[in-house]
1. Could you say which residue among Ala155, Ala163 is assigned by TED's automatic domain parsing to the domain that holds Ala132 and closer than 26 Å to Gln86 by Cα?
2. Hey, does the range 39-56 have a residue that's outside the structural domain of Gly157 (by TED's automatic domain parsing), within 17 Å of Glu188 (Cβ to Cβ) and aromatic (Phe, Trp, Tyr)?
3. Within the range 12-99, considering only strands (runs of 3 or more DSSP E) that don't extend past its boundaries, which have at least 1 residues that are surrounded by 19 or more Cβ atoms within 10 Å (Cβ to Cβ) and of a type outside the set (D, E, K, R)?
4. Tally up the residues in the range 143-169 that are within 24 Å of Ala9 (Cβ to Cβ) and outside any strand (DSSP E or B), please.
5. Scan the range 10-29 and report the pairs whose first residue is in the same structural domain as Gly49 (by TED's automatic domain parsing) and whose second residue is in a helix (DSSP H, G or I), with Cβ atoms within less than 8 Å and a gap of 6+ or a chain change.
6. Being crowded, with 18+ Cβ neighbours inside 10 Å and among the β-branched types (Val, Ile, Thr) is the filter here, so list the residues in the range 100-124 that pass it.
Amino acid sequence: MNWQHIALADATPLPWKNGGGVTRELLAWPPGVADWHWRVSVAQVDGDGPFSAFEGVQRWFAVLGGAGVELALGQGSAVQTQRLTQQSEAFCFDGAVPVYCTLINGPTQDFNLMVRSVHARAQMQRVRGALAVSAQNGSVCALWTGANGAVLRDANGIWPVPAQSLAWITSVPAQGLHIDSADALYMEMAPCL
């Protein structure tokens, strides 16, 4: 099993054009390609404001730190609101839909997974305790760890994952994996067939 990982502290912070925050890209797939199929990042959101539009992109969003956000999705009478905190499950929405983000009580740290729907499909869920997974063949599996890190296990061994980092693997063992963590996000990205 060949897990790779990157610590949040090792990812370059990129300020937003509107000055509302900073993003640290952890991984874009395929690596080294500008037209990524999917992308994983952590953002520090310092103020209210609109999200950038991403046509043809499915977005997953989860609050990692701070009091949380309220997202207003859509325009006019069709606006729907979604309140998200550190206790909320990951939220999925269409990247083409206009979104305005309002901070609940100060800055937040948020996790983002963006997937170009013509290339891949994805799922993301919180891990609070333990999770057993069996990934589809050809998928990339990834795990974001909170302050306590995580432990990955399969029939071949045990792999500790440091806190505040992203670990991923491109070939999941046939017997699957077991994740132990008090606070993590598990993702699976599968190519469209």
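The values are calculated or read from the model by the stated rules, or taken from the named source; none is laboratory data. Everything numeric here is computed off the predicted structure, so don't read it as measured data. Every residue, glycine among them, receives a Cβ derived from its backbone with ideal geometry; neighbour counts consider all protein chains shown.
1. Ala163
2. Looking for residues that are outside the structural domain of Gly157 (by TED's automatic domain parsing), within 17 Å of Glu188 (Cβ to Cβ) and aromatic (Phe, Trp, Tyr), one finds none in the range 39-56, hence no.
3. Working: elements: 13-15, 21-29, 38-45, 57-65, 69-73, 80-84, 91-94.
Fully inside the range 12-99 and qualifying: 21-29, 38-45, 57-65, 69-73, 80-84.
4. Of the residues in the range 143-169, 7 are within 24 Å of Ala9 (Cβ to Cβ) and outside any strand (DSSP E or B).
5. Listed pairs, sorted by first residue: Arg24/Leu8; Leu26/Leu8.
6. Correct list: Thr108, Val115.
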